[in-house]
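See below for the structure under consideration.
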Amino acid sequence: MFDLDKWQEITAALKKNKLRTILTGLGVMFGILILVTLLGIGRGFQNNIQSSLGNFATNSTVFWVERTTKAYKGLPRNRFYQFTNDDLLALKKNIPELEHIAPDINGWSGGATHNTFRKEKKGNFRIKGTSPEMNMVNPVEVVSGRFINENDLKEFRKVITIGPRVKELMFEEDEDPIGQYLKVNGIFFKIIGEIKPLSNNMGNRDDIIQLPYTTLQQLYNYGDKFYVFLATAKVGESVAELEDKIFEILARRHSIHPEDRQAIGNFNIAKIFNKIFGLFNSIGFLFWVIGFGVLITGVIGVSNIMHVVVKERTKELGIKRAIGAKPALVVGQIINESVFLTTFAGFWGLVLGVVIVELIGKATEGSPNPQILNPYVDINVAFIALGVLVFFGVLAGLLPAQRAIRIKPVDALRYE
Amino acid sequence: MIRLQNIHKSYITGTNKLHVLKGIDLHIKEGELVSIMGSSGSGKSTLLNILGLLDNHDEGVYVLNNEEIKSMSETKAAKLRNNLLGFVFQSFNLISFKNAMENVALPLYYQKVSRKKRNSLAIEYLDKMGLKEWAHHMPNELSGGQKQRVAIARAMITQPKIILADEPTGALDSATSIEVMDLLREINQSGITVIIVTHENDIAHMTDRIINLKDGVIESIVENNKINHTESVKIPLQE
Ligand SMILES: Nc1ncnc2c1ncn2[C@@H]1O[C@H](COP(=O)(O)OP(=O)(O)OP(=O)(O)O)[C@@H](O)[C@H]1O
Ligand SMILES: [Mg+2]
């Protein structure tokens, strides 16, 4: 309930020394301003990193073939081998922790000339074999049409999806590429989907043409072989353990010495992700600590002022107690003032902080390589900050209030 | 209404102990108009503060309105002060940032009386003091006599049983002092017990009974201008 009398008491007390009240309020205001701004910027940093990672599965690992470095089972060292489609089936069958596995196969690019033709148009694009599972590991957005599916793989269909750059160069602006054909490396492919890359994690993929990897293997006479694949662990499973199991099975299948880890190239992407996220967590934590420190300084200022204010008003409080103000009421009133001062100042700090973060966002929006992307103030953070302010406001008022009622009314009345 | 038995009070400042009240026995009946006299430092204010529950006594029995006052919580004391007692101080003790009406209404705020009601009551009491036109003036715009009348209105607004006044005329000229005393006598006539601390003989002689304090004990009690020695005053334990 809005209590006008309480309100008047609060404002009367704070108005008594306006400059002091304003300066104290500024302390809290800057505290919350700095906290909010730092957290907003921290969020911006994180957004920037996350957007360049896109939706790349963060629990993934990549394997590629190398030469063996140990002789094994009568086979010489420095031997070359290739992964096969059967490897994929074996891995899937034997490793329950494995979520997705997808070979990454490149087709020929045209080198200095062109590899793709349509009517008078021509271009040179990157050709990649893909699978529905690849889209789970390193996803793209389907703008229109559809992505490669299992049937495309099974039936070696000559279908492709194209990236934005391909569409731009091979089609007129108002043309719908779906259902149209492109001649790639001398073979006609039907376009079934238009895609947009979601990350630049595996290189820029705007100029990409993807086809079922089985089709690619067949047309390029790769047989059932490939050099590189990606795999992801199921949620909660360790990527490192998954890697061990994959190595073990592949080594057995390709007669590689069980200790010859160099024979199979492997890169734990998850490890890198964790490092990056760890870094951001520590930066975020540091920002919290700094912002909080500044805020605390402001709150200490409030407590200090409340102490002085209460001391100055000793006599007034003595009078009030003499005519019937109960201790709880006196304490409540001092805490009210303190909370009012901190929350009022803090609120404006919050508002200013949000504006500043917004301005930083606007300023970095247009830049081609922003360090900070979409910084924003989490509504939860704002509420937490306000909650903290109220809490500290109570705390800042509590000590002086205790002092105010500890002295006897008679001593308070005598105070000059 | 008030019964004191062997009341002692000492102040401890640093290592010194100052024994101010050295066994006060006193009985004040409902509706009396009493003054407490004595030289400076004799303990008049100390006694009044104990009576007003603003300070506590060290030893002895204090019965106020049939209730023994013994190590009570501040909350309880505040409630009793609010309901039972009204204070008038030498230095008025008005709240400087509240106008006359708000000052008078303040004790009712602590009784959670609505703003409208307590303000209209405050105006009524100010009117009785002849200060209706000054209701919206701040204390620093009032004369000493006016301030004291505002303070009396504030003391009266809760309809207390006892008014405690510590040198209510101490800061006023003699004409104004008489006015204030007339007011207090009027209040007493309405049945309220009034206790006035003063060192002015004229003021004391306007009361029914004069209690003379000296060195922390009651030296004599003057009743209707007749001297009774304390030794001869017997205080019955039961009312
Ligand atoms: N809070 C205190 N601490 C220490 N000594 C005190 C305190 N209050 C009063 N005294 C001492 O107690 C004695 C009695 O004080 P009190 O105020 O009761 O005197 P009084 O009779 O009211 O005098 P006056 O006529 O000057 O007002 C004085 O010597 C005073 O210095
Ligand atoms: Mg005195």
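The values are calculated or read from the model by the stated rules, or taken from the named source; none is laboratory data. If you're wondering where the values come from, they're calculated on a predicted model, not measured in any experiment. Reconstructed Cβ throughout: ideal geometry from the backbone, glycine too, with neighbour counts over all protein chains shown. Only protein heavy atoms, including side chains, enter the accessible area calculation; ligands, DNA and RNA are left aside. Shrake-Rupley method; radii C 1.70, N 1.55, O 1.52, S 1.80 Å.
Dimensions of the range A:119-220 based on its C-alpha atoms, expressed as ranges along the principal axes with the largest first, amount to 33, 28, 21 Å. The protection proxy used here, the mean number of other Cβ atoms lying within 10 Å of each residue, ranks peptides A:295-301, B:68-74, A:80-86 as follows, highest first: A:295-301, A:80-86, B:68-74. Could you check which residue among A:Val394, A:Val339, A:Val235 shows the biggest mean-square fluctuation in a GNM of chain A with a 10 Å Cα cutoff? Maximum among the listed residues: A:Val235. Note on chain B: with a GNM built from Cα contacts shorter than 10 Å, the maximum mean-square fluctuation among B:Ala155, B:Ala105, B:Ala175 falls on B:Ala175.
Ignore the peptide's own chain and count Cβ atoms of other chains within 10 Å of each Cβ in B:91-98; give me the average, rounded.
The mean count of partner-chain Cβ atoms within 10 Å per residue comes to 5.
Just to confirm my numbers, what's the Cα centroid distance between the range A:205-228 and the range B:157-191 in Å? The range A:205-228 and the range B:157-191 have Cα centres separated by 107 Å. For B:Lys76, the aspartates and glutamates whose Cα comes closer than 13 Å to its Cα, not counting residues fewer than 8 places off in the same chain, are B:Glu67, B:Glu68.
For A:Asp206, the solvent-accessible surface computed with a 1.4 Å probe is close to 60 Å², ligands and nucleic acids excluded.
Taking amide H positions as modeled 1.01 Å from N, with prolines and chain starts lacking one, no residue 5 or more places away or on another chain lies under 5 Å from B:Asn56. Taking trypsin sites (Lys or Arg not before Pro) across the range B:16-68, the ones in a DSSP loop with at most 15 further Cβ atoms lying within 10 angstrom of their Cβ are B:Lys29.
Arrange the residues A:Ser238, B:Ser96 by how much accessible surface each exposes, largest first, with a 1.4 angstrom probe. Walk me through the numbers on the way to the answer.
Numbers: A:Ser238 45, B:Ser96 75 Å².
Listed by decreasing accessible area, they come as B:Ser96, A:Ser238.
Here the Karplus relation 6.51 cos²θ - 1.76 cosθ + 1.60, evaluated at θ = phi - 60°, turns the backbone of the range A:78-91 into coupling constants of 6, 8, 9, 9, 9, 6, 10, 4, 5, 3, 4, 4, 5, 4 Hz, with x for every Gly and Pro.
In the context of the full protein assembly, A:Ile41 retains an accessible surface of approximately 40 Å², using a probe radius of 1.4 Å and ignoring ligands and nucleic acids. Think of a 1.4 Å ball rolled over the protein heavy atoms: the range B:34-136 then has 42 Å² of accessible area per residue.
Projecting the Cα atoms of B:Ala78, B:Ala165, B:Leu47 onto the dipole axis of chain B, where Lys and Arg carry +1 and Asp and Glu carry -1 at the beta carbon, places B:Ala78 farthest toward the positive end. For the range A:338-416 and the range B:133-147, what is the separation of their C-alpha centers, rounded to whole Å? Spelled out, the Cα-based centre of one part sits 40 Å from the other.
Averaged over its residues, how many other protein chain Cβ atoms are within 10 Å of peptide B:74-83's Cβ atoms? Provide the component values of the computation, followed by the final result.
Working: counts 9, 5, 1, 6, 12, 2, 1, 7, 6, 1.
Going residue by residue through B:74-83 and averaging, the value is 5.
Rolling a 1.4 Å sphere over the protein heavy atoms, what is the accessible area per residue of chain A, to the nearest Å²?
In whole numbers, chain A has 49 Å² accessible per residue.
Scattering from chain A was approximated by placing one identical point on each alpha carbon and applying the Debye formula without solvent; log10 I(q)/I(0) at 0.08 1/Å stands at -0.66.
Pairs of Lys residues in the range A:305-416, spaced 8 or more positions apart or belonging to different chains, with C-alpha separations under 28 angstrom: 7 in total. Note on A:Glu237: accessible area approximately 80 square angstrom, rounded to 10, probe 1.4 Å, nucleic acids and ligands left out. Explain nothing, just the number: dipole magnitude of the protein assembly as shown about its Cα centre with +1 on each Lys and Arg Cβ and -1 on each Asp and Glu Cβ, in debye rounded to the nearest 20. Its charge dipole is roughly 1280 debye.
For the range A:343-348, putting each phi into the Karplus relation 6.51 cos²θ - 1.76 cosθ + 1.60 with θ = phi - 60° gives couplings of 6, 4, 5, x, 4, 5 Hz, in residue order, rounded to whole numbers and with x for Gly and Pro. Summary of the geometry: the range B:5-51 and the range A:1-34, compared by the centres of their Cα atoms, lie 42 Å apart.
Please average, across the residues of A:307-318, the number of beta carbons from any other chain that are within 10 Å of each residue's own beta carbon, and give a whole number.
Counting other chains' Cβ atoms within 10 Å and averaging over A:307-318 gives 1.
When you filter the trypsin sites (Lys or Arg not before Pro) in the range B:74-131 for DSSP loop state and at most 15 other Cβ atoms inside 10 Å of their Cβ, you are left with B:Lys112. Projected onto their three principal axes, the Cα atoms of chain B cover extents of 51, 40, 40 Å, largest first.
Counting only protein heavy atoms and a probe of 1.4 Å, the accessible surface of the range A:239-352 is 68% carbon and sulfur.
Put simply, the convex hull of the Cα atoms in the range A:69-191 casts, on average, a shadow of 11.0 nm². With all protein chains in place and ligands, DNA and RNA left out, the 1.4 Å accessible area ranks A:Val143, A:Val381, A:Val302 as A:Val143, A:Val381, A:Val302, largest first. DSSP finds beta bridges in the protein assembly as shown, and of those with both partners inside it, around 70 percent are antiparallel.
Once Rh for the range A:1-89 is found with the Kirkwood sum over Cα pairs, what is the Stokes-Einstein diffusion coefficient at 37 °C and 0.692 mPa s, in µm²/s?
Values: Rh = 20.9 Å.
In µm²/s, the coefficient is 157.
From Cα pairs below 8 angstrom and at least 6 apart in sequence, can you work out the relative contact order of chain A, rounded to a whole percent? Kindly include the intermediate steps, with their values, before the conclusion.
Values: 737 pairs, mean separation 118.6, N = 416.
Contact order relative to length: 29 percent.
Put a plus charge on the Cβ of each Lys and Arg, a minus charge on the Cβ of each Asp and Glu, and nothing anywhere else: the dipole of the range A:47-187 about its Cα centre is then about 840 debye.
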